[in-house]
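Participant: Here it is: the structure, laid out below.
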Amino acid sequence: MCSDIARCFADRCLGIGAAACLSLLLFSGCGGGSPSAPPTQDTQGMSSDVVQLRVGKTPVLTHHNDNSRSGLNLAETRLTLDNVAPATFGKLAAFPVQGYVYAQPLYVPNVSMPADHISNLVIVATEHDQLYAFDVDSNTLAWHVDYLAAGPNVSPVSPDDVGCTNIVPEIGITSTPVIDPVTHILYVLVRTKEVTGDNITFYQRLHAVEIATGRDLLPPTVVTGPPSDYAATGFAKFDPLLNNQRAALMIGHQQVYVAWASHCDYGPYTGWLMSFDENTLLPTAYWTPVPYSAAGGIWMSGSGPSLDANGDIYVPTSNGGENDPIEQKNNFRSSLVRLHWSASDGFSVVDYFSPYNYQMLDNEDLDFGSSGALLLPDQLGTPHPHLLVVRDKAGTVYVLDRDDLGKWQMSDNSQAVQTFVVPGFALSSALFWNKTLYIAGGGIYLEAYSFDPVSQQFDPNVQAFLNYPVDSRGPTPSLSANRNSNAILWAITDYAGGKNAVLHALDALDISKELYNSNMVPARDQAGPGVKFVVPTIADGLVFVGTQNEVDMYGLLNQ
């Protein structure tokens with residue numbers, strides 16, 4: 001076994017390329033620790049006599065399942081409309097963790113582990129700067145990384161440090177990590193506060209992690225923002241304390257994309273999108289929507305940037321930049337921006353959409369960028385074959401043509417394919433399946449709106465709704481189905497006021513029909529205390545729910 005990453009490259013990877021080398025390192029057991037913050041590893045259940053009980057087949061490697069942010073698992077053969085019921089479906093295990101689980105749990109089946117056995121892993125990141133992998137068949141801890149283990153004076157960032165209580169009680173790993181589907185390397189952004197004598201330094205570090213062991217495959221990169229001569233970003237600065245890394249990470253073009261916003265809009269700060277080479281973790285490009293102004297965060301209620309089949313990136317940006325009109329001086333606040341990335345030019349703006357009343361949205365803090373951009377399936381032979389859906393805090397849904405976003409118009413939003421309003425304050429993202437848009441308004445209901453593929457318009461009258469008032473932000477739903485059958489819509493509600501989270505399962509063809517919720521048999525199935533913006537993960541007959549102190553695993557009771 002290689003003792004460090006440099007020797008692995010020198011001895012085993014000469015001439016095969018960095019990406020191939022990292023893949024070789026992953027599956028041959030090579031790994032290295034971080035010289036600046038070495039993690040500790042706790043392992044159990046690794047003996048060679050462990051037998052895999054489940055043949056896994058459906059990975060969930062990024063937030064909301066894919067880079068379209070669809071939230072769809074259409075290969076689910078175990079969970080059906082008949083067996084997801086209180087008598088046959090419920091809570092199977094609770095995996096205890098240190099720290100709130102704001103990030104969506106990720107699921108990796110058929111991982112080649114040490115001691116020559118195969119595991120199906122759920123991977124969990126927490127605000128206490130912990131990373132866990134649990135074997136879902138033996139219900140044991142496979143490995144654990146403590147990013148605070150560098151010393152007694154290393155801690156997560158405190159809400160007092162940023163003067164904002166939007167994320168409590170500490171700020172460590174907030175965003176959902178991402179796993180490369182080819183190399184199976186996990187990338188995670190870790191925030192720490194480190195004290196040396198009288199000096200306090202705040203760090204944000206990007207790690208590349210071997211999923212079989214939790215070890216760093218490369219020295220982590222400390223994020224510092226662009227160099228002083230990086231002309232494309234004007235005089236914008238990155239601040240490792242003020243810049244909140246809320247949006248989920250994304251992989252494309254062999255790059256890891258990471259986006260930042262703020263804490264409570266406190267500044268001065270600017271929003272950022274940065275790219276890092278997967279094979280080195282070195283930064284490759286920087287973009288801010290407000291290079292000569294302020295704010296313009298990219299946060300999307302925890303969703304991540306979206307990526308289309310051509311490799312273009314879609315990011316909704318939030319309020320800010322009041323001194324510069326849209327597009328002038330490269331100002332793209334309160335907009336849906338389509339970006340192209342290249343190794344030679346970094347990020348370049350291809351197109352954008354801004355609502356006509358963006359200034360009012362800014363003034364009233366009704367962020368355009370409060371949801372992720374959902375890329376709809378291609379509709380070939382139509383006037384608009386490539387659509388996306390995005391929403392602002394006020395509840396306006398924008399249906400946009402990805403091939404012609406329309407830019408900004410002074411008096412109306414007629415450049416959009418459609419706009420309509422759904423009730424309730426909106427801090428969540430939508431889901432589209434079977435010509436239906438599923439969307440939740442805060443404090444109202446989870447609702448379904450039908451889509452006409454001929455007119456390419458949604459009926460603005462609600463088709464069905466779950467008669468269960470949701471919390472003040474509204475959940476982001478996910479869906480499981482076996483192709484077009486046994487479609488189940490899943491959502492998590494009740495995070496506020498110390499309430500326990502509630503997992504809901506609904507008939508996707510009529511979401512007024514609730515099949516199950518975790519309060520139906522509370523003594524057996526009650527989830528841990530709720531966390532805002534959480535998204536359920538559904539794979540291989542299992543459903544995972546992140547909470548304040550555990551990840552709860554649900555499934556069929558007889559398995």
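Only the coordinates and a few stated rules stand behind these numbers; no lab work does. On a predicted model such as this, the values are computed, not experimentally measured, just so you know. Here the Cβ positions follow ideal geometry from the backbone for every residue, glycine too, while neighbour counts run over all protein chains shown.
Participant: Using a 7 Å offset from the Cα along the Cα-to-Cβ direction at both Q359 and S155, what is the distance between the two label points in nm, to one decimal?
Facilitator: 4.5 nm
Participant: Another question about this same structure. Distance cut-off 24 Å, Cα to Cα: go down the list K393/K532; K57/K91; K91/K513; K393/K513; K91/K393 and report the pairs above it.
Facilitator: The pairs that break the limit, which is 24 Å between Cα atoms, are K393/K513; K91/K393.
Participant: Return D277, D403 ranked ascending by Cβ neighbour count within 10 Å, so the fewest neighbours appear first.
Facilitator: Taking fewest neighbouring Cβ atoms as first place, the list is D403, D277.
Participant: In Å, the Kirkwood hydrodynamic radius of the chain over pairs of distinct alpha carbons?
Facilitator: For the chain, inverting the mean 1/r across all distinct Cα pairs yields 23.7 Å.
Participant: Pull up the cross-link candidates among the aspartates and glutamates for K435, meaning alpha carbon to alpha carbon under 16 Å and not fewer than 8 places away within one chain.
Facilitator: D378, E447, D452, D459, D507, D510
Participant: Which order do M250, M360, M274, M410 fall in if you start with the one that has the fewest other Cβ atoms within 10 Å?
Facilitator: Arranged by neighbour count, lowest to highest, M250, M360, M274, M410 become M410, M360, M274, M250.
Participant: Compute the signed sum of charges (Lys and Arg +1, Asp and Glu -1) over the other residues within less than 15 Å, Cβ to Cβ, of H263.
Facilitator: Combined, the nearby Lys, Arg, Asp and Glu give -4.
Participant: Taking a cut-off of 22 Å between Cα atoms, list the lysines near K329, but don't count ones fewer than 8 places away on the same chain.
Facilitator: K237, K407
Participant: Among DSSP bridges having both ends in the chain, what percentage is antiparallel? Round to the nearest 5.
Facilitator: If we restrict to bridges inside the chain, about 95 percent are antiparallel.
Participant: In addition: I need F533, F347 ordered by Cβ neighbour count within 10 Å, fewest first.
Facilitator: F347, F533
Participant: Taking the Cα centre of the stretch 393-435 as origin, work out the dipole magnitude from +1 charges on Lys and Arg Cβ and -1 charges on Asp and Glu Cβ, in debye rounded to 20.
Facilitator: Here the size comes out at about 180 debye.
Participant: Arranged from highest to lowest average of other beta-carbon atoms within 10 Å per residue, in what order do the peptides 155-168, 256-269 appear?
Facilitator: Order by mean packing, descending: 256-269, 155-168.
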